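Working notes, beginning with the structure itself.
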Amino acid sequence: MRMVFRWFGEGNDTVTLEQIKQIPGVEGIVWALHDLPAGEEWPMERILEVKELADRHGLNIDVVESVNVHEEIKLGRPGRDKYIENYKRTIEKLGKVGVKVICYNFMPVFDWIRTDLFKELEDGSTAMFYEHAKIANMNPAELVRRMNENPELTLPGWEPERLQYLSTMLEAYKDVTEEQLWDNLKYFLEQVIPVAEANGIKMAIHPDDPPWSVFGLPRIITNQENIRRFLNLVDHPNNCITLCSGSLGANPENDVAAMVREFANRIPFAHIRNVRVYENGDFIETSHRAQDGSVDICDVVKAFHENGFTGYCRPDHGRHIWGEVSRPGYGLYDRALGIMYLWGIWDSLERGKRRNGNDRDQ
């Protein structure tokens with residue numbers, strides 16, 4: 001397991017590279033050019049700027065999250081080919097600087113969705129919260145307004161320039177079915193996977209967050225069956241998934257550890273976090289500790305260990321603790337605690353493996 005840490009760039013993150021470097025076992029950053037609109041080709045000089053900064057701190061830039069997919073591609077419109085060509089050229093450039101994994105998603109209009117970015121937990125910390133009934137009765141424009149109340153720190157997937165045409169986009173998806181979205185995803189994969197292979201990059205799709213339809217929009221990367229279908233759309237070792245325990249774990253019917261065990265050879269990147277799911281469909285993000293949420297993080301890590309996982313892993317969203325002011329879900333303290341919890345599980349499994357091996361030798 002290779003530990004990495006999401007970083008939003010110089011001047012766009014409350015966490016510094018110096019701080020990231022001091023977290024035990026972290027060897028790289030998970031990054032992107034967040035200010036570039038979806039569909040735009042990434043300039044090589046901007047990519048090299050990030051590499052130089054990371055190199056200066058002894059951190060790799062092996063994982064990019066995300067190279068966003070333009071809505072024309074998801075909608076299957078005639079203009080998609082132009083944006084796919086831009087995507088291919090970006091893949092080629094990222095391959096030249098040693099990127100190994102590109103995480104992306106195929107969620108229409110919205111990425112992850114929450115109704116409260118700072119919901120208070122019993123211990124006084126705050127975390128991101130999803131209220132099921134509120135989403136069912138909320139105008140999407142109101143949600144966008146809430147998510148962008150603090151313009152100083154952009155939220156990934158909620159960039160104002162992406163959502164300024166919200167009503168137009170919602171109208172465009174009104175008649176798009178899940179099957180059509182599957183077809184459009186297959187078209188995209190058939191174009192980009194050969195380029196990814198040629199450049200030594202694994203394309204790793206992120207599950208839908210939450211893993212069900214929101215505002216009537218189709219969502220397809222939601223459960224074990226659909227992930228299996230996705231991997232078979234283009235059955236190629238470079239067509240992979242980002243296994244996110246928090247996104248998938250928001251649905252209690254999803255057995256995340258079982259997914260790790262089935263898809264292990266197609267998971268180059270993992271997001272590990274916990275969520276507490278309530279009977280009414282609400283959920284809140286918790287500490288990484290298994291006892292604090294509904295996802296058995298111990299078994300998830302064990303599943304990775306059993307399969308000899310050598311891919312990249314990052315602690316996903318953390319709580320806001322100890323008075324830290326940060327981008328929602330992306331402070332330093334709780335994510336660093338999460339890393340140490342994950343390492344604790346992993347190191348215990350490693351020690352048990354060595355001990356069992358020595359017992360057999362005797």
Inset, instruction - All but one of (1) modelled with pLDDT of 85 or more; (2) surrounded by 19 or more Cβ atoms within 10 Å (Cβ to Cβ) hold for GLU171, so report the exception by its number. - result: (2)
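Let's see how each residue does on (1) part of a strand (DSSP E or B); (2) β-branched (Val, Ile, Thr); (3) within 26 Å of MET340 (Cβ to Cβ):
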{"residue": "PRO207", "(1), (2), (3)": "no, no, yes"}
{"residue": "ILE227", "(1), (2), (3)": "no, yes, no"}
{"residue": "SER247", "(1), (2), (3)": "no, no, yes"}
{"residue": "ALA264", "(1), (2), (3)": "no, no, yes"}
{"residue": "GLY281", "(1), (2), (3)": "no, no, no"}
{"residue": "CYS298", "(1), (2), (3)": "no, no, yes"}
{"residue": "PHE304", "(1), (2), (3)": "no, no, yes"}
{"residue": "PHE309", "(1), (2), (3)": "no, no, yes"}
Legend entry - Members of the stretch 101-123 that are closer than 24 Å to ILE29 by Cα and either of a type in the set (Lys, Arg) or in a strand (DSSP E or B) (or both): VAL101, ILE102, CYS103, TYR104, LEU117
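When you look at ILE73, is it crowded, with 17+ Cβ neighbours inside 10 Å and more than 19 Å from PHE188 (Cα to Cα), yes or no?
no
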Inset, instruction - Would you tally the residues in the stretch 194-205 being buried (at least 19 other Cβ atoms within 10 Å of the Cβ) and either assigned to a loop (DSSP other than H, G, I, E, B) or of a type in the set (Gly, Ala, Ser) (or both)? - result: 3
Inset, instruction - Tell me which residues, restricted to the stretch 214-230, are free of Cβ contacts under 8 Å to residues at least 60 places away in the same chain and surrounded by fewer than 18 Cβ atoms within 10 Å (Cβ to Cβ). - result: GLY216, GLN224, GLU225, ASN226, ARG228, ARG229
Legend entry - Test: PHE263 is closer than 18 Å to TYR104 by Cα, surrounded by fewer than 23 Cβ atoms within 10 Å (Cβ to Cβ) and of a type in the set (Phe, Trp, Tyr): yes
Legend entry - Failed item in (1) more than 25 Å from VAL67 (Cβ to Cβ); (2) of a type outside the set (A, V, I, L, M, F, W, C); (3) touching a helix residue (DSSP H, G or I) at 6+ places or on another chain (Cβ under 9 Å), with ASP123 passing the rest: (3)
Inset, instruction - Please work out which residue is surrounded by the most Cβ atoms within 10 Å (Cβ to Cβ), limiting yourself to the stretch 37-59 and to residues that are out of contact with any helix residue (DSSP H, G or I) (no Cβ under 8 Å at 6 or more places or on another chain) and among the hydrophobic types (A, V, I, L, M, F, W, C). - result: VAL50
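The values are calculated or read from the model by the stated rules, or taken from the named source; none is laboratory data. Not measured: the values here are computed from a predicted model. When we count neighbours, we look across all protein chains shown, and the Cβ atoms used for this are built from the backbone with ideal geometry, even at glycine.
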